[in-house]
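Beneath this line is the structure, given in structure tokens, with notes to follow.
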Amino acid sequence: MFSRSYTNLLDLANGNLSALDYGGSSGGGGGRPPRPRRMQRTLTTPGTLAELDEERAGSVASDVQSSLANDRIIVVANTLPVRCERRPDGRGLTFCWDEDSLLLHLRDGLPEDMEVLYVGSLRADVPAAEQEDVAQALLDRFRCVPAFLPKDLSDRFYHGFCKQTLWPLFHYMLPFTSDHGGRFDRSNWEAYVLANKIFSQRVIEVLNPEDDYIWIHDYHLLALPSFLRRRFNRLRIGFFLHSPFPSSELYRSLPVRDEILKSLLNCDLIGFHTFDYARHFLSCCSRMLGIEYQSKRGYIGLDYFGRTVGIKIMPVGINMMQLKSQLQLPDLESRVAELRKQFNGKTVLLGVDDLDIFKGINLKILAFEHMLKTHPKWQGRAVLVQIANPRGGSGKDVQGLKAEIEESCTRINEQFGRSGYSPVELVNRTLSSVERMAYYTVAECVVVTAVRDGMNLTPYEYIVCRQGIPDLDGGDAPKRKSMLVVSEFIGCSPSLSGAIRVNPWNIDTTAEAMNESIALSENEKQLRHEKHYRYVSTHDVAYWSKSYIHDLERSCRDHFRRRCWGIGLGFGFRVVALDRNFKKLTVDSIIADYKKSNSRVILLDYDGTLVPQTTINRTPNETVVNIMNALCADKKNVVFIVSGRGRSSLEKWFNSCPELGIAAEHGYFMRRTRDEQWQINNQCSEFGWMQMAEPVMNLYTEATDGSYIETKESALVWHHQDADPGFGSAQAKEMLDHLESVLANEPVSVKSGQHIVEVKPQSVSKGFVAEKILSMLTEKKRQADFVLCIGDDRSDEDMFEGIADIMRRSIVDPQTSLYACTVGQKPSKAKYYLDDTNDVLNMLEALADVSEEVGSPEESEILSPSEGA
């Protein structure tokens, strides 16, 4: 049995496979199977095989970039694109390509010289004794690497977590009762994680991390990106979800919601069929992780610890070459002739669906029944052929659905049927490709009423079949025509602009759509068909894979230009990617420059720098006050607190620091010592704009629950961190535009920040404060030769940028030691970072100790309180 301890699960996520037992046999024999020997690897990573086998997280990096054409792609999915059958004599297995597999078809869009390697499981039980030989045969003949899962593990992974938890949830079904969807089972989640870990091992065995691309497919492997990213920080990883992604209101019900989101964010590119699915994912990232997306030049990206995770929206297509070749099969023409004879004089509407609860088959049949009632002219003329492919499953839900469908068909045929005419033809078997294309060919309209489906390529296949046979309509110059009635809840719906879109739950409107589709004029049907065929024929599977790989290459372009390292445990692991020149500020490095300097400027933010952002009590403690006084006691130092807070709070908190300079409200108010009067660093003293801005802010505050206005002496700030994330963000954008319009002729700037919109006088910024202090020193012929600037938020970036510009303008000594330092490992204009406020205080305390040890021979103050700016 699997351990239910979440501690063990974290061990597993960190790479400790011994945390869980396999829990069963591998299908060929009883008991726990021996661990199969690893097959020979086709490419190697730097280092030894022993190093690769270590379970600890590592990083394999390179400064050399390779072109796409010379690289290799490893396609990872739950199942390999290979059919596997045991020989009739029971001796060994036979293998062949699965010609219907999307994984096989995607190769058509890749560069010809790009090698493709597949990793996945087999649709057959392979005894442990045969696994090594099977693995080697698949690698040699098919470039496939099988992942063998023990039977009990496979059941818990696939039938347990994938099909009972993820599949219903991603199709908008919540487990309100034990019979309605699957309740979350911790042991099934652990099995899911373990199975993903085994897949990662198979990938790593054949991986060349410097040259390979990894393309992971579908919801079975949502945890895989975390395992791969832990081992190789710069690995190029893409993921494509072939199912819907639920709205945040549903997804948030999943107990492991954060773990899955964080795992996906370890990818470089995440693909979805439609914008709706992508929008739901982005909303989940915003609401649950606080990560907002940005759109730039047509590309959507999430900034995740310095890495940009791309979002790709591209519906998959069909394999045009395969379909066209199948249309030339000799059996097709005869089968079409048989069906035309069977339905002679009838108008055929066709449904082709797997027999599962999300396909809306019975809704379609009920809508057809309603059409016959409301439009009696179709009685005896219209036939609904419903192909119900039984491969979708055979559980209790499916059996109940099948009985319901059969009952509806029987009722309709009894009510409207007559000799030689059955309104509904139900085909309860799997059709060959020839049979399916024959039905497509004779159908006047295809109806898809799925209540939720990832993509559904049935309409695409139908359009190509209606185009592909020369004598489709007879005559010398046949006109190609087709009609589609599609559910608005399927992935292909947005792409088919000529289709009649319906809400399948509305039986009346679906019935009217069916009637309209077969009653339209021939010319209208032809025009819609031509429009659809142009799209389907150009946006095929090759176009889809080519576009995806192109974007994956673009998303990974900066991998080897940045310095990367991993932090965090379990599914909290992430890679921080920062500029190569960005490094941690060490005490030893700064003390040397501090000692030899004679004119120092120290500029410190307050919130998030000297006190943590998370603390409720923001009053500085005794340690902070003592450090400030010690630094100010050194006559070589000019020390300033530069904060967005109001002057009254800062004045009160630092009243015991007589020599400490304070710049409040981002520098609008400024004083150099406690005894000096506050100066206003802005020529404009008129605040009439506040009477214009405040009513606008009040309007949005009243309409946005959880928001509030902070009124400062020089600025107005609208806060929405406690509002609904999506609504608050939307309101902030709307307010920003509104205020910019209202205040267009006023001397103010309107800016958005982290959960705020702020209106303040122009030219007021922390960068201006830094420039003013350094300029005053220059005027006194005491150019600064040491500058330390520390802050943690966006307003401090102005200070970092301003200091860099000051260096270029020679306001400070050319040999000045400049330390611009941000708090936290994140992208910044600063060149240094410290991890947290404790690091900041420890470093400042070390500098204060140096000042006390060395003493200060300079007795006169660098800045005289009596002298103005």
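Laid out as a table, the results:
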| item | result |
| --- | --- |
| Approximate spin-label separation Glu115-Phe727, in nm, with each point projected 7 Å along Cα-to-Cβ | 5.6 nm |
| Nitroxide proxy distance, nm - points 7 Å out along Cα→Cβ at Asp303 and Lys324 | 4.7 nm |
| Stretchable slack from Asp397 to Val742, in nm (0.36 nm times residue separation minus alpha-carbon distance) | 118.3 nm |
| Within straight-line cross-link reach of Lys635, lysines at Cα separation under 22 Å, skipping those fewer than 8 residues along the same chain | Lys595, Lys596, Lys772, Lys780, Lys781 |
| The range 599-614 - phi-based ³J(HN,Hα) in whole Hz, Karplus 6.51/-1.76/1.60, Gly and Pro as x | 9, 10, 10, 10, 10, 10, 5, 9, 5, x, 10, 9, 10, x, 5, 7 |
| Stretch gain in nm, segment Glu779-Ala846, where the contour uses 0.36 nm per residue and the Cα spacing is subtracted | 21.1 nm |
| Förster radius 45 Å - calculated FRET efficiency between Lys546 and Leu289 (Cβ-Cβ, nearest 0.05) | 0.90 |
| C-alpha long axis of helix 794-808 to longest principal axis of the chain, angle in ° | 60 degrees |
| The range 725-797, accessible surface, carbon-and-sulfur percent (1.4 angstrom probe) | 49 percent |
| Under 20 Å from the Trp565 label point (7 Å along Cα→beta-carbon), backbone N, the range 300-314 | 304-308 |
| Calculated FRET efficiency for the pair Ser497/Trp97, C-beta based, R₀ 41 Å, to 0.05 | 0.75 |
| 0 to 90° range, to nearest 10: angle between helix 330-342 axis and the chain longest Cα axis | 70 degrees |
| Inter-probe distance in nm under a simple model that places probes 7 Å from Cα toward Cβ, at Gln526 and Asp258 | 6.2 nm |
| Cross-link pairs Lys359/Lys525; Lys296/Lys829; Lys163/Lys402; Lys712/Lys826 - those with Cα-Cα distance over 23 Å | Lys359/Lys525; Lys712/Lys826 |
| Mean Cβ count within 10 Å, highest first, over the residues of peptides 654-667, 413-426 | 654-667, 413-426 |
| Residues Ser247 and Trp505, FRET efficiency given R0 of 25 Å [Cβ-Cβ distance, rounded to 0.05] | 0.90 |
| Backbone HN-Hα couplings from phi across the range 354-363 [Karplus 6.51/-1.76/1.60, Hz, Gly and Pro as x] | 6, 7, 9, 5, 9, 7, x, 5, 5, 4 |
| Mean accessible surface per residue for the chain, computed with a 1.4 Å probe while every protein chain stays in place, in Å² | 42 Å² |
| Rounded to 10°, Cα long-axis angle of helix 688-703 versus longest principal axis of the chain | 40 degrees |
| Spin-label proximity, Lys584 to the range 801-839 - amide N less than 17 Å from point 7 Å beyond Cα toward beta carbon | 821-827, 831-839 |
| Fraction of accessible area attributable to carbon and sulfur, the range 356-447 (%, probe 1.4 Å) | 46 percent |
| Full-extension gain in nm, Ala804 to Ile709, via 0.36 nm per residue minus C-alpha separation | 30.8 nm |
| Selection of GluC sites (Glu not before Pro), the range 106-162, meeting DSSP coil and at most 14 other Cβ within 10 Å | Glu112 |
| Solvent-accessible area, 1.4 Å probe, carbon plus sulfur percent, for the range 487-604 | 48 percent |
| Eligible aspartates and glutamates near Lys341 by straight Cα distance, threshold 20 Å, same-chain separation 8 or greater | Asp331, Glu333, Glu425, Glu435, Glu444, Asp471, Asp473 |
| Neighbour cut-off at most 11 other Cβ (10 Å), DSSP loop, trypsin sites (Lys or Arg not before Pro), the range 563-601 | Arg580 |
| Only Lys, Arg (+1) and Asp, Glu (-1) charged, at Cβ; the chain dipole about Cα centre in debye | 1980 debye |
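The values are calculated or read from the model by the stated rules, or taken from the named source; none is laboratory data. Note that this is a predicted model, so its numbers are computed, not measured. Backbone-built Cβ (ideal geometry, glycine too); neighbour counts: all protein chains shown. We work out accessible area using only protein heavy atoms, side chains counted, and drop any ligands, DNA or RNA first. Shrake-Rupley method; radii C 1.70, N 1.55, O 1.52, S 1.80 Å.
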